Amino acid sequence: MSGRMLLTVLAVVGLFSMPTFAEEGATPVGRINVPPGFEVELLYSVPIEEQGSWVAMTFDDKGRMIVSDQYGKLYRVTVPAIGTEDDIQIKPLNIDIGMAHGLLYAFDSLYAMVNGSNKDDDDKFRTGMYRVVDSDGDGELDEVRQLRKLTGAGEHGPHSMVLSPDGKSLFVCAGNHTDVTEFDESRVPRNWGEDILLDRMWDARGHARGRLAPGGWIAKVSPDGQNWELFSNGFRNEFDIAFNTDGELFTYDADMEWDIGAPWYRPTRVNHVTSGSEFGWRSGTGKWPEYYPDSLGSVVDIGLGSPTGIVFGTGAKFPAKYQRALFIADWSYGTIYAVHLDPQGASYQGTAEEFITAQPLPVTDMLVNPHDGALYFSIGGRRTQSGLYRVTYTGDEPVAPAPRLRAPADEVRATRYMIEQMHGKQHPEIVDAAWPYLKHEDRHMRFAARVAIEHEPVETWADLAVAETNPVALIQAAIALARNGSETHRDALVQALNRLAWNELTRSGQLDLLRAYSLVLIRLGEGDEAVRQSIIARLDDKFPSGDRDQDRELAKLLIALRAPGIAERTLQALATARTQEDQIHYALALKDLETGWTIDQRRAYFDWFNRAAAHRGGMSFGGFLQNIRNEAIETLTDEERKQLEDVLNAKPPEPIDPLAALEPRPVVKKWTVDELVPLADAKLSHRDYGRGRELFATAVCFRCHRVRGEGGTIGPDLTGAGRRFNNRNLLEAMVEPDKVISDQYQKMMFLLDDGRVVEGRVINLSNNSMHVLTDMFDPAKLTVIERDQVEESMPAKTSMMPAGLLDRFTEDEILDLLAFLKSGGDPQHPVFATEAASE
């Protein structure tokens, strides 16, 4: 029996009490889970009243650490050598600066990104970038120089800084509440816009209301702070950035947790930050889906969380795969992931491994110490209990510096670098040099080429765009021309797009074409009736297509164009949608259709809102639904309001148990894993994709799990589950969910001093309070408990996933559901091959 299991058993039977939160200070290492061979030390539990809550760290040139309290001073920390019993030394820095979200020691200076106040006369430190130097050579930092005032404070203000790979400049990042500063240069074309086809709705609770593109941004800055070059934008709130040994930049961007359950929710995700890139954050319902060709997607989606510090394992005395890994911190759920990156074309794909987990463990920053090869991390933030930890490897694997792995993608990336050198410049030869790469098979290559072309005067390449004959290049050129051209280019551009044969395009090409049409309408306008009718003629018979993403885009386009009969077809799509996210997407789109309705269609539309009251999501979810309904009502005539009075005034139904949909199905049998594994091994071929997907919805799996971008995020993303787990693993997770519970998704059980027991996941912290999610089907339902109320705490022995979900399904249904999971939601997967296709 493991020590962890023994501790839990003793606590359950009353022979041992887990430490109370009121007594323990920083999270004890006994509650922290690490992979075999790794050890965690708690070096220092920060006295919060005296030294605050630490959120940023850096090492100086002598190997000493400098840290910042989120709301106070800077401190110098001398950590004891590994394996010694020396005491840690903490010394406040005698300089008038603090409240730093980012610290970096470089060029014989300490750089600090202060996140305080936007007012010069405020008692708080003025938000901006500072350089602190030792002016008299006595070994003490003593002179503070303000390099750049920035406008944007709070947790979405300016954040971290890193040294560039060549050691000649700095890179800084800022969240979406940071105004764009004055950039001397820009690799990003400066023509950014919202680029939302239908009306955007702001967050129902007012968050980020009025915040417009470009959103969060990343800039390259000279050491003296005088030259600022915009490098990338379109983030929500990227707290930190890091370069790998290839010199490639990455970040870990935030989600908007209040959007959970809505189609515009985007999970926390790791982004590969390339020159001139755009990542599509827009406020409220305006967030771009990851497949838009005028943005770039993620390396790996993580899910719910609150991103903070990130660092590569370069220089760590760890096994090779962890030296190459990107470590990312999730503050809310107490997790440090190791993201393993695989070069793919001009970019990367990643897989995330839970590296360190605990509840609570609000990780704020991480560093690899180049002097001892250990990984250091801090916890704290929002005036919560802070601590400093060290992670070392004591296992048997080699820890020698990992050699760089050459990959077939190296040549492709080298070409991408060449194209990116053209960004932000104007030269007569750039268009000719970049144009051939508009048709490249790699998304990042096409993006880099388009950005290079967009920096050139539009009159030098507009005719090339409309004359292009390669379909892939034409679509990319059309996107560039829509973004940079004028109304005079519209008719020729639409005619060029209309030449393309839909069925000769790949699926991604079809989605790119739809986006190109949308950008023409957004940027250049609808034009005359002939233009509108020509686009309708090209697209009208494509909807519905049966492809989720295409149908979402087609519905928006045809609604914007007021296509005949689009109300009925979109209502049908809404009625047959299997997830609440898809339903809400169509309801939101229909809100903007003012004409072409019958009264019965209007009735069916508003009746959906009454039924949708049973849906659940994040904190803004209910407000969004109400606001969509209210704006749709504004489009009604007085006569329509009178005819619809009964449905408009109907009382919404009470919330229902999401599992209630299973109750009409009779219990087939109490299935066991041992019964199902042989069936799966023998019969998992020629399965029914449509039924598997439908059963995934019927079993309410979509409520918590995401597959190919569809579904919820309370539970793990299952898109890659079929590649990582065998049939037995997957069936055990469904039939026996309590058998193995991931640390990341494990509930905690809290016994409070008033006798109450609260079970759930800690998902947020503030001062002394913990916010606990107790119902996975209702992400907005949180129980707040105070740390000093907790008498005992321990991992719960039951999963948040309900048991017995498969007992109402037949053998064939279970096999179809399992096939859907094995395929990762891909209808082309071999498990769905027909007899004819497999011969």
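Indicate, rounded to the nearest 5 percent, the antiparallel portion of the DSSP beta bridges found entirely in the chain. Around 95 percent of the beta bridges assigned by DSSP in the chain are antiparallel ones.
Among the chymotrypsin sites (Phe, Trp or Tyr not before Pro) in region 662-734, those placed in a DSSP loop whose Cβ has at most 16 other Cβ atoms within 10 Å are Phe725. The simple spin-label model puts a point 7 Å past each Cα toward its Cβ; for Glu640 and Arg562 those points are separated by 1.2 nm. Surface composition of the chain: carbon and sulfur make up 49 percent of the accessible area, probe 1.4 Å. Translational diffusion of region 525-599 was estimated from the Stokes-Einstein equation, with Rh taken as the Kirkwood radius over Cα pairs; at 37 °C and 0.692 mPa s the coefficient is 261 µm²/s.
Work out, in µm²/s and without decimals, the Stokes-Einstein translational diffusion coefficient of region 352-440 at 10 °C, 1.306 mPa s, Rh from Kirkwood over C-alpha pairs. The estimated diffusion coefficient comes to 87 µm²/s.
Using only alpha carbon pairs under 8 Å that are at least six residues apart, calculate the relative contact order of region 96-236 and give it in whole percent.
19 percent
By the rule of a C-alpha distance below 23 Å, with chain neighbours fewer than 8 residues away ignored, the lysines paired with Lys739 are Lys669, Lys670, Lys747, Lys797, Lys822.
Excluding ligands, DNA and RNA, the accessible surface per residue across region 435-563 is 38 Å² with a 1.4 Å probe. Taking every DSSP beta bridge that has both ends in region 67-173, the antiparallel portion is near 95%.
Restriction of the GluC sites (Glu not before Pro) in region 118-186 to DSSP coil positions whose beta-carbon has at most 10 other beta-carbons within 10 angstrom yields Glu182. Grouping the Cα pair distances of region 31-127 into 5 Å bins from zero gives a pair-distance distribution of 3, 12, 20, 20, 18, 13, 8, 4, 2, 1, 0 percent in increasing distance order. Across the chain, the fraction of Cα-Cα pairs farther apart than 37 Å, rounded to a whole number, is 48%. Extent of region 299-374 along its three principal axes (Cα atoms, max minus min coordinate, largest first): 36, 32, 16 Å. Between the alpha-carbon centres of region 781-820 and region 476-535 there is a gap of 47 Å. Taking the Cα atoms of region 376-525, the ratio Rg/Rh between the radius of gyration and the Kirkwood radius comes to 1.22. Considering all different alpha carbon pairs of region 464-613, the Kirkwood hydrodynamic radius works out to 16.1 Å.
Compute the distance from the alpha-carbon center of region 537-566 to that of region 89-151, in whole Å. Spelled out, the Cα-based centre of one part sits 54 Å from the other. Between region 198-213 and region 582-620, the C-alpha centres lie 20 angstrom from each other. The C-alpha atoms of region 261-328 occupy a region whose extents along the principal axes are 45, 29, 16 Å, arranged from largest to smallest. Rolling a 1.4 Å probe over the protein heavy atoms gives region 308-427 an accessible area of 37 Å² per residue. Taking all protein chains into account, the per residue accessible area for region 75-216 stands at 45 Å² (1.4 Å probe). Cα extents for region 480-549 along the principal axes, largest to smallest and rounded to whole angstrom: 35, 24, 19. Taking every DSSP helix (H) stretch of at least 4 residues in the chain, weighting each as -39,500 (n - 2.57) and dividing the sum by the residue count yields a mean residue ellipticity at 222 nm of -7500 deg cm²/dmol. Across region 186-252 the C-alpha pair distances fall into 10 Å bins from zero in the proportions 16, 40, 31, 12, 2 percent. Using a cutoff of 8 angstrom between alpha carbon atoms and counting only pairs six or more residues apart, the relative contact order for region 552-697 works out to 22 percent.
Listed by chain and number, the lysines placed with their C-alpha closer than 24 angstrom to that of Lys439 are Lys425; residues fewer than eight positions away on the same chain are left out. For region 240-310, the list of GluC sites (Glu not before Pro) that fall in a loop by DSSP and count at most 15 other C-beta atoms within 10 angstrom is empty.
Evaluate Rg over Rh across region 205-362, taking Cα atoms for both radii and Kirkwood's formula for Rh. The Rg/Rh ratio comes out at 0.96.
The values are calculated or read from the model by the stated rules, or taken from the named source; none is laboratory data. Predicted, not measured: the structure shown is a model, and the values here were computed from it. Backbone-built Cβ (ideal geometry, glycine too); neighbour counts: all protein chains shown. Keep in mind that these areas ignore ligands, DNA and RNA; they rest on the heavy atoms of the full protein, side chains included. Shrake-Rupley method; radii C 1.70, N 1.55, O 1.52, S 1.80 Å.
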